[in-house]
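Notes follow the structure.
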Amino acid sequence: MKQNNFYITTPIYYPSGQPHMGHAYSSILADVFARFKRNENNQVFFLTGTDEHGLKIQKAAEKSNLDPLKYCDKISKVFKDLTIKLNLSNDDFIRTTEKRHHKAVNELWDRLVKSGDIYLSKYEGWYSVSDEAYYSSDEIIEKDGKKISSFSGSPVEWVEEESFFFKLSSWQDKLLDFYEKNQKFILPISRRNEVVNFVKAGLKDLSISRTSFTWGIKVPNNDKHVIYVWLDALTNYLSAINFPNLNDDLYKNFWPASVHVIGKDILRFHAIYWPAFLLAAKIKPPNRIFGHGWILSGEEKMSKSKGNILNPLEVIDTYGIDELRYYLMKEVSHGSDGNISLKNLENCINSDLANNYGNLCQRVFSFIKNNCNNKVRKNKNKSTADDKLIEQTNELTKNLKSEMNDQNLNNYIKSVIDISFLTNKYINDEEPWKLKKNNIEKMNNILHLSLDQIAKISILLNPIIPIATSKVLKALNVNMKETNYSFLEGKNIITDEIVIKNLDILFKKIN
Ligand code: MSP
């Protein structure tokens, strides 16, 4: 199989408060994709980190009575610890307060100056500190006597200050042309349409420096200005692979990035500003921006300011990390919002993991242990029921790679869990326990096919629930690296004669 390089990123998180389920969701989604690509034996570089400059962080530090860097050291560590709790397979964790990042931002700024895309003027308009975003007057509404952004609902304040501008307006047609030529640059399609319409309506030049506070990267040769935090933050994707050293292996192998996984609230920055900066700086834009939906609690986006946070750490301690990963990936997918609750999480664990996949593994492994001394052998004579199960499985696996490649996790998981359901049904119908005395050969075939199905399901679910599936694959003596997804092209996974190892209970049912 041809090997490719994949560079996959999560957004870098603001260390302005404790991580919540929305953060966990973004990270896990990117991790699932990274793991899938690694399992295909590709070279993968998976990045996450923290976005530490700007007024939002300066204010958060002041509130905690800490110097901004000390404050960031403390909270960035909480996010770094979360990567371990979430079982992320990230290759790096970047902080925008690191030297390597400053170097990259300075270089990008210099390139934009050289290309003639930056000029000095004055910004007069609305700014939201919590979004770190500028809004035009027609995006502002009044609620309870306060001005807020109609887009995000965040409070805005009026700003008037000297500022450097990026000539975004002159990139409008080139961006539209770029979207046209790269149909899958923004996914899902609904988000792509949203962006295209916004750009078609006209782009204004963008203020890219601030003078009213100091916590940020200074504009080269002008200490009065700090660089706008989004120009700073987006550059993390380049600094982590050692830009501006264009001869560095990481840069050569991994730029342009394969996919920036982000939430829909930060689509404008990634799908408009970022490619415009890059095109102006003569750097290729990334291949894809995937804008996922929000995790909702009731009807609202889950966020610190709304006070409706489900703490991922507490959920993991109570239910387990595979369980949370599975639930989030199944529940919120392909760009739409997902309403989550502990009740739904429990139902999902019981129906899909404990009663379906977990039960399938347990019943087959313990039957083989108790009746076959852990050993089964495949024989030639397949039954029509065997053929039917194989056919149904082939049908369900047909589009799985493309579903994953388009980040359509919802359909992907649904198909895999259907395979597990069908395999349980096959065992119920075939009743191998009735064949113990008089048809050992057929019983062996049923068990062998069941193990084969378990191996397939485990490989397919591995990027989502890596801990449980690794236990199963180990008990089947299947090496993920050697096997990868070759069974989708018809290769055998398990040997004709197989001796299984012990398998403990994978998922406890919640009562
Ligand atoms: N620092 C910026 C990203 C810079 S990337 C160059 C940022 N940080 S954030 O911490 O506010 O959000 C990080 C990610 O979490 C974003 O993709 C955001 O969409 C996502 N989520 C935050 N709350 C969310 C939900 N309630 N649901 C799903 N994801 C949401 O934005």
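Counting residues that are open to solvent by less than 20 Å² (accessible area, probe 1.4 Å), which helices (runs of 4 or more DSSP H) fully inside region 341-416 reach at least 3?
359-372, 384-397
Do we have Asp91 as touching a residue at least 24 places away in the same chain (Cβ under 8 Å), of a type outside the set (Gly, Ala, Ser) and touching a strand residue (DSSP E or B) at 6+ places or on another chain (Cβ under 6 Å) here?
When the stated conditions are applied, Asp91 passes them.
What single numbered condition from (1) within 12 Å of the ligand (Cβ to nearest atom); (2) crowded, with 23+ Cβ neighbours inside 10 Å; (3) in contact (Cβ under 8 Å) with a residue 60 or more places away in the chain fails to hold for Ile8?
It fails just one condition, (1).
Being within 16 Å of the ligand (Cβ to nearest atom), more than 19 Å from the chain's Cα centre (by Cα) and open to solvent by less than 10 Å² (accessible area, probe 1.4 Å): is that true of Ile57 here?
It is true that Ile57 is within 16 Å of the ligand (Cβ to nearest atom), more than 19 Å from the chain's Cα centre (by Cα) and open to solvent by less than 10 Å² (accessible area, probe 1.4 Å).
Is it the case, given these coordinates, that Asn236 is surrounded by fewer than 22 Cβ atoms within 10 Å (Cβ to Cβ) and either within 16 Å of the ligand (Cβ to nearest atom) or not aliphatic (A, V, I, L, M) (or both)?
no
A quick yes/no check of all residues on (1) touching a Leu at 6+ places or on another chain (Cβ under 6 Å); (2) surrounded by fewer than 22 Cβ atoms within 10 Å (Cβ to Cβ):
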| residue | (1), (2) |
| --- | --- |
| Tyr25 | yes, no |
| Asn41 | no, yes |
| Val44 | no, no |
| Thr48 | no, no |
| His53 | no, no |
| Ser64 | no, yes |
| Lys80 | no, yes |
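Hey, among the residues in region 275-296 that are more than 10 Å from the ligand (Cβ to nearest atom) and among the small types (Gly, Ala, Ser), which one's farthest from Ser170 (Cα to Cα)?
Ala281
Find the residue count for region 21-54, including only residues that are within 11 Å of the ligand (Cβ to nearest atom) and in contact with a Pro (Cβ under 7 Å, 6 or more places away or on another chain).
The total comes to 5.
With the structure loaded, tell me whether Phe185 is among the hydrophobic types (A, V, I, L, M, F, W, C), more than 16 Å from the ligand (Cβ to nearest atom), at pLDDT 95 or above and touching a strand residue (DSSP E or B) at 6+ places or on another chain (Cβ under 9 Å) or whether it fails that test. Outline the logic, then answer.
Numbers: among the hydrophobic types (A, V, I, L, M, F, W, C): yes; more than 16 Å from the ligand (Cβ to nearest atom): yes; at pLDDT 95 or above: yes; touching a strand residue (DSSP E or B) at 6+ places or on another chain (Cβ under 9 Å): yes.
Considered against the rule, which asks whether it is among the hydrophobic types (A, V, I, L, M, F, W, C), more than 16 Å from the ligand (Cβ to nearest atom), at pLDDT 95 or above and touching a strand residue (DSSP E or B) at 6+ places or on another chain (Cβ under 9 Å), Phe185 comes out as yes.
Taking region 371-387, which residues are within 19 Å of Asp429 (Cβ to Cβ), free of Cβ contacts under 8 Å to residues at least 24 places away in the same chain and not hydroxyl-bearing (Ser, Thr, Tyr)?
Selection gives Asp387 alone.
With the requirement that a residue be open to solvent by 80 Å² or more (accessible area, probe 1.4 Å) and in a helix (DSSP H, G or I), what does region 480-511 give you?
Lys481, Glu482, Glu489
Could you give me the residue pairs with C-beta distances under 8 Å whose first residue belongs to region 55-72 and is of a type in the set (Gly, Ala, Ser), whose second residue is part of a helix (DSSP H, G or I) and open to solvent by 90 Å² or more (accessible area, probe 1.4 Å) wherever it lies, and which are 6+ apart or on separate chains?
That search, which allows pairs on different chains as well, returns Ala61/Lys70.
Does region 68-80 contain any residue that is in contact with a Pro (Cβ under 6 Å, 6 or more places away or on another chain), more than 24 Å from Asn253 (Cα to Cα), more than 15 Å from the ligand (Cβ to nearest atom) and small (Gly, Ala, Ser)?
no
Being within 21 Å of Ala60 (Cβ to Cβ), open to solvent by less than 30 Å² (accessible area, probe 1.4 Å) and more than 14 Å from the ligand (Cβ to nearest atom) narrows it down to one of Val219, Val226, so name that one.
On inspection, the qualifying residue turns out to be Val226.
Restricting the search to region 458-475, which residues are more than 21 Å from the chain's Cα centre (by Cα) and crowded, with 24+ Cβ neighbours inside 10 Å?
Correct list: Val472 only.
Here is a yes/no grid of residues against (1) more than 11 Å from the ligand (Cβ to nearest atom); (2) at pLDDT 95 or above; (3) open to solvent by 30 Å² or more (accessible area, probe 1.4 Å):
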| residue | (1), (2), (3) |
| --- | --- |
| Leu231 | no, yes, no |
| Pro244 | yes, yes, yes |
| Asp248 | yes, yes, yes |
| Ile262 | no, yes, no |
| Tyr273 | no, yes, no |
| Gly298 | yes, no, yes |
| Gly307 | yes, no, yes |
| Leu310 | no, no, yes |
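The values are calculated or read from the model by the stated rules, or taken from the named source; none is laboratory data. Note that the coordinates shown come from a computational prediction; the quantities given were computed from them, not determined experimentally. In this analysis, Cβ positions are derived from the backbone assuming ideal geometry, glycine residues included, and neighbour counts consider all displayed protein chains. All accessible areas refer to the heavy atoms of the entire protein, side chains included, with ligands and DNA or RNA removed. Shrake-Rupley method; radii C 1.70, N 1.55, O 1.52, S 1.80 Å.
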